[in-house]
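J.: Just passing along the structure, written as structure tokens.
The values are calculated or read from the model by the stated rules, or taken from the named source; none is laboratory data. Please read these numbers as outputs of a predicted model, since none were measured by experiment. Because the Cβ atoms are built from the backbone with ideal geometry, glycine has one as well, and the counts that use them run over all protein chains shown. Side chains are part of the model used for accessible areas, which takes the heavy atoms of the whole protein and leaves out ligands, DNA and RNA. Shrake-Rupley method; radii C 1.70, N 1.55, O 1.52, S 1.80 Å.
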Amino acid sequence: MAVGVFDLFSVGIGPSSSHTVGPMRAAAVFAEELKGSGSLDKVAGLRVDLYGSLAATGHGHGTMTAILLGLEGFHPEKILPDEVEERLAAIAETGTLQLAGSVPLPYGVKDMVLRPLTVLPRHTNGMTFTVTDEAGEVLHKATFFSVGGGFIVREGEEDAALKELDESKKELPLPFRTAAELLGRCQSKGLSIGDIMFVNERASRTEVEIREGLLHIYSVMEECVATSLKREGCCPAD
């Protein structure tokens with residue numbers, strides 16, 4: 001199994017890995033590419049199209065606000081809770097987004113184009129980012145799919161992503177594709193499920209990195225619980 005514990009328990013803003021974490025990560029990747037292309041200072045217009053499920057249920061899952069944060073250059077696993085509230089409040093108050101953290105653009109949730117009845121061929125969670133210059137010429141455009149678990153795939157690279165996934169499975173010391181295969185590994189090796197996963201994790205990380213990573217995930221969970229218990233008020237209606 002190529003998906004490891006740090007993929008399954010990824011740190012990011014909630015409430016959904018496919019509708020919040022994935023879209024935010026895709027927007028951040030787009031912003032980084034734009035910045036790296038040298039065209040950032042030429043940007044005069046921004047368009048975000050959301051398709052299928054992202055458009056239909058995005059408001060309730062925080063998709064739109066997550067994308068705004070991603071377009072500003074924030075990644076779901078690195079942004080702090082205080083930064084989330086601070087930046088979203090600033091965008092809502094000023095109506096201005098800091099694209100890639102440096103270019104101010106008049107843009108907000110209401111400017112996103114929602115296409116709930118249009119499902120792109122590859123996946124129901126599709127999104128397209130487009131930036132243009134003052135003449136309306138496209139500077140950069142990309143379509144991504146949020147395929148679950150916070151994972152994203154760029155349009156046109158789906159086959160390559162599947163190939164990479166298959167190749168990564170071959171590299172694991174104790175690979176498995178199904179729960180039955182996993183239990184078979186446990187029986188044949190005399191190991192627990194946790195032991196099997198630990199052996200596979202060590203194929204790409206040191207034991208110290210694994211234990212530190214797990215403790216980090218645990219600490220984030222504890223902090224989330226503690227922060228939530230201190231909050232007051234009502235949950236958003238949408």
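J.: What does DSSP give for the chain in terms of the percent of beta bridges that are antiparallel, rounded to the nearest 5?
T.: Values: 21 of 24 bridges.
Restricted to the chain, the bridges split so that about 90 percent are antiparallel.
J.: Within the chain, which complete DSSP H helices have Cα atoms spanning at least 30 Å along the helix axis and a mean Kyte-Doolittle hydropathy of 0.0 or higher? The partial results should precede the final answer.
T.: On the way: long enough: 207-230 (35 Å, 0.25).
Helices meeting the criterion: 207-230.
J.: Follow-up question, since we're still on this one. Counting only heavy atoms of the protein chains, get the accessible area per residue of the chain (1.4 Å probe) and round it to a whole Å² value.
T.: Numbers: 13660 Å² over 238 residues.
On a per-residue basis, the chain sits at 57 Å².
J.: Here's a follow-up. In square angstrom, rounded to the nearest 10, how much accessible surface does residue 88 have for a 1.4 Å probe?
T.: The value for residue 88 is about 50 Å².
J.: Related question: Using only the alpha-carbon atoms of the range 30-105 as identical scatterers, what base-10 log of I(q)/I(0) does the Debye formula give at q = 0.24 Å⁻¹?
T.: -1.24
J.: Give me the percent of accessible area attributable to carbon and sulfur for the range 1-153, probe 1.4 angstrom. Before the final figure, lay out each step's value.
T.: Details: 3770 of 6920 Å².
Carbon plus sulfur share of accessible area: 54 percent.
J.: Dividing the convex hull volume of the Cα atoms of the chain by its residue count, what figure in Å³ per residue is obtained? Write out the running numbers ahead of the final one.
T.: Working: hull volume 37.8 nm³, N = 238.
Expressed per residue, the convex hull around the Cα atoms of the chain is 159 Å³.
J.: Ordering 212, 72 by accessible area with a probe of 1.4 Å, largest first, what comes out?
T.: 212, 72
J.: Moving on to the next point. Normalised by the number of residues in the range 1-122, what is the relative contact order in percent for Cα pairs under 8 Å and 6+ residues apart? It would help to have the intermediate numbers written out before the result.
T.: Numbers: 169 pairs, mean separation 42.3, N = 122.
Relative contact order for the range 1-122 comes out at 35 percent.
J.: Ranked from the most accessible area to the least, with a 1.4 Å probe and all protein chains present, what is the order of 128, 94?
T.: Working: 128 10, 94 85 Å².
Final ranking, largest accessible area leading: 94, 128.
J.: Just to verify a number: what accessible area does residue 231 come out at with the full protein assembly present, 1.4 Å probe, Å² rounded to tens?
T.: 140
J.: So, one more: Normalising by the residue count of the chain, find the relative contact order in percent from Cα pairs under 8 Å and 6+ residues apart. The partial results should precede the final answer.
T.: Values: 356 pairs, mean separation 59.4, N = 238.
For the chain, the relative contact order is 25 percent.
J.: Can you sort 41, 7 by solvent-accessible area, 1.4 Å probe, largest first?
T.: The most accessible residue leads, giving 41, 7.
J.: Roughly how many Å² of residue 235 are accessible to a 1.4 Å probe, to the nearest 10?
T.: 120
J.: If you don't mind, another one. Nothing charged except the Cβ atoms of Lys and Arg (+1) and of Asp and Glu (-1): what's the magnitude of the dipole of the range 34-168 about its Cα centre? Round to the nearest 20 debye.
T.: Values: 11 positive and 20 negative charges, 68 e Å.
For this selection, approximately 320 debye.
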